[in-house]
Amino acid sequence: MRRGASSLLIGLLLAPVAIAGTANQVRKDAFRLLNEGVAAYNRGAFRDAIPPLTQAAALSLNSFRAHYFLGLALAGDRRYADAVESYKIALDLDPNHLQANVAMGDAWLAQGDADEGNPYYARALKLRAEYAPALDGLGRVAQAQADDDKAIAMFTRAIASDKGYAQAYMDLGDLYLRQNRLDDAIKLLIEAVSVRPDYTPALDRLASAYAQLGFSNEAVATIRKAIDLEPKNPEHRATLGDVLMRMGVMAGAEAAFKEAIVIDPGQPRARAGLAEIERRRGAFDAAFANLDTALADPRIDHRQKTALTAQRAAIAAELERASALESRGGSTEATLADRLALAELEANRGHWDRAADLLGAASLADADRELLAFYLFRAGRFREAHATYADLAAAGKRADLEVNDGASLARLGDDEQAKRAYERALAIDPDQPQARLYRANSLLRLGDNAAAAEAYRAFLAAHPSGDSAEQVKRVLAQLAP
């Protein structure tokens, strides 16, 4: 056995492979299996790719491509520790292979071990100076170590080194999204898709970014394109579920999450999404079952495990609190504090009507009436919300209350009165951003396009970045190109 061969190779030798009778037939079988596995990998069907690639590697022990693509397929299936073992064999066969060194670094980094991954990116750079994938890898190492400045520098170098390397645009865009540099992030993610239209990870991130900005149609269209390109990749269906849940389309989100777990039963984002849907229903056992399934998956990485464990603990705390409150909330002995706490729980589940009804029968202080008005608004009971906000605004002389009253009036279709509410808010606080933006929206709906364009430009001058700024830029591009 070649020095450096790992336990994975031993496993391959023991794998149940139908060995053909002649060396020539063995070579043919290995070649066929390798091609099958590579084709499945290229389709994004990572789990389907693993068996033929495992057999190809066992039949052809010195085949670099068999071990390398097996590592890629294992990594695609989130089996990063197994991928490392396969890459070790591939690098033993060809230590100077650039992509294999980067892939090894990626597999270590996916396991949360930046220190183990770093040398492989550095080795690739020694083999080829300014090699974009290696620079990008070092950027992701820096990001994992919370050094954003170094990460930005590395991603920028990667883009400068290879203008067609889509992942560097995507990774820098991801970093900018986390920093709330939304304009820069969207441009980079669009550039990633532009230089490589079939690069599904960038399509996936771009869909998430669109959803964050409230561009629902663009988000759904973009992630569906990724699904069309890689129908067997569960990540894209999990992202579709996240997008639809953000939009409030819960039935569609649930269907997308379930499609993801048909492909990968332990898919952590899909399981987390289903757990959240069950939590909102009050089906706590089902929520726990989804999270426990994901946590039991041996492929789960440290970051995912931490997030799912925190989600489970939060649901357990809510269950305990809800059980105590619900036992008192329906009794004649329920206090106002009980009603407020139970209403908060119902609101957290998205049951806005129930939350409003719990408070509507109580005698409330102004602060709690604001909460009632919010619940009424979220429940779609805009006339009741308007009545409450208008009363509070008249007494409190606060800009935010006038804005909320205007939003309620706008939902009732009374844009003229909504505009006046926003103008009252601006008389109290001339810099109130929502009042500026919503007044512009009212002007647009009232058909005063020139005044709306002027108001939007004034908003952008005062607030040039952020979610709302991106939306305003799109409106202005259509309104006054």
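A short reminder: the numbers here are calculations on the coordinates, not readings from a lab. Computed from a predicted structure; not experimentally measured. Glycine also receives a Cβ, built like all others from the backbone with ideal geometry; neighbour counts cover every protein chain displayed.
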Worksheet, complete the sentence: Measuring from the longest principal axis of the C-alpha atoms of the chain, the long axis of helix 46-59 (C-alpha) lies at a number of degrees, nearest 10, equal to 10 degrees
Item to complete: Give me the aspartates and glutamates in straight-line cross-link reach of LYS225: C-alpha distance below 18 Å, same-chain residues under 8 apart excluded.
Response: GLU191, ASP198, ASP204, GLU235, ASP242, GLU259
Response to the item:
the chain: relative contact order from alpha carbon pairs under 8 Å, six or more residues apart, as a whole percent, is 7 percent
Worksheet item: With +1 on each Lys and Arg Cβ and -1 on each Asp and Glu Cβ, how big is the dipole of the chain about its Cα centre, in debye rounded to the nearest 20?
Response: 1240 debye
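ALA480: net charge of surrounding residues, Cβ under 15 Å, Lys/Arg +1, Asp/Glu -1, itself excluded?
Values: positive: ARG457, LYS473, ARG474; negative: ASP448, GLU454.
Taking every Cβ under 15 Å from that of ALA480, the sum is +1.
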Fill in: Farthest toward positive dipole pole in the chain [+1 Lys/Arg, -1 Asp/Glu at C-beta], among VAL403, ALA322, ALA207
ALA207
Worksheet item: Projected onto the charge dipole of the chain (+1 at Lys/Arg Cβ, -1 at Asp/Glu Cβ, origin at the Cα centre), which of TYR87, SER60, ALA153 gives the Cα projection farthest towards the positive end?
Response: SER60
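Normalised by the number of residues in the stretch 409-481, what is the relative contact order in percent for Cα pairs under 8 Å and 6+ residues apart? Show your work: numbers first, answer last.
Working: 58 pairs, mean separation 17.0, N = 73.
After rounding, I find 23 percent.
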Practice prompt. Mind pulling the angle between the C-alpha long axis of helix 284-296 and the longest principal axis of the chain? Nearest 10 degrees, somewhere in 0 to 90.
Written response: 30 degrees
Item to complete: Rounded to the nearest 500, what is the 222 nm mean residue ellipticity of the chain from helices alone, with -39500 (n - 2.57) per DSSP H run of 4+ residues and division by all residues?
Response: -25500 deg cm²/dmol
Worksheet entry | Order of VAL472, VAL26 - criterion: other Cβ atoms within 10 Å of each residue's Cβ, fewest first | VAL26, VAL472
Worksheet item: Which order results if THR306, THR200 are arranged by neighbouring Cβ count within 10 Å, fewest first?
Response: THR306, THR200
Worksheet item: Counting pairs of alpha carbon atoms under 8 Å apart in space and at least six apart in sequence, what relative contact order in percent does the stretch 57-132 give?
Response: 23 percent
Fill in: Proximal charge balance of ALA347 [Cβ under 9 Å; K/R count +1, D/E count -1]
+1
Worksheet item: Counting Lys +1, Arg +1, Asp -1, Glu -1, what net charge surrounds ASP106 among other residues with beta carbon under 10 Å of its beta carbon?
Response: 0
Discussion item. Here is the link list: LYS28/LYS232; LYS126/LYS232; LYS258/LYS305; LYS126/LYS187; LYS397/LYS419. Which ones come out longer than 25 Å on Cα distance?
Written reply: LYS28/LYS232; LYS126/LYS232; LYS126/LYS187
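Neighbour counts of other C-beta atoms within 10 Å: give me THR293, THR54 arranged from fewest to most. Spell out each step's value before the answer.
Working: THR293 17, THR54 23.
The fewest-first ordering by Cβ neighbours comes to THR293, THR54.
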